[in-house]
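Contents: one structure, followed by commentary.
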Amino acid sequence: MDTDEFSEMARVVFAARISDTLKADLGARNSRYGNEDDWLRGVLKFLKRIIEDPGAYVAYWNLEEEDGVNAAMMREIALELSRRAKERCDPL
């Protein structure tokens, strides 16, 4: 799926205050899905895992040292992105 086809809301999700690593992680997921709603649902599942254990994501990518992003910040970022994705995503 080409990100050029994304709606303005999806672009807002991309442009939110997140680390470059998380931006790349979210963007790379677009190749797994055929349309924006499927991508948003996949993003929601991914963000749920981060929300449940943000420290694991931060530690895996060494984000605290590399980007100055700690687990609490990552959780807040993931919560905000999740909220925005839910607003845009059509229910199944």
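Data overview
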read-out	value
Output for the stretch 9-37, where each listed residue is of a type in the set (A, V, I, L, M) and modelled with pLDDT of 75 or more	22, 24, 26, 28
When residues of the stretch 29-46 are limited to those that are over 12 Å from the mean Cα position of the chain (by Cα) and more than 13 Å from residue 90 (Cβ to Cβ), the one surrounded by the most Cβ atoms within 10 Å (Cβ to Cβ)	33
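The values are calculated or read from the model by the stated rules, or taken from the named source; none is laboratory data. Note that the coordinates shown come from a computational prediction; the quantities given were computed from them, not determined experimentally. Don't worry about glycine lacking a Cβ; one is built from the backbone with ideal geometry, like all the others, and counts go over all protein chains shown.
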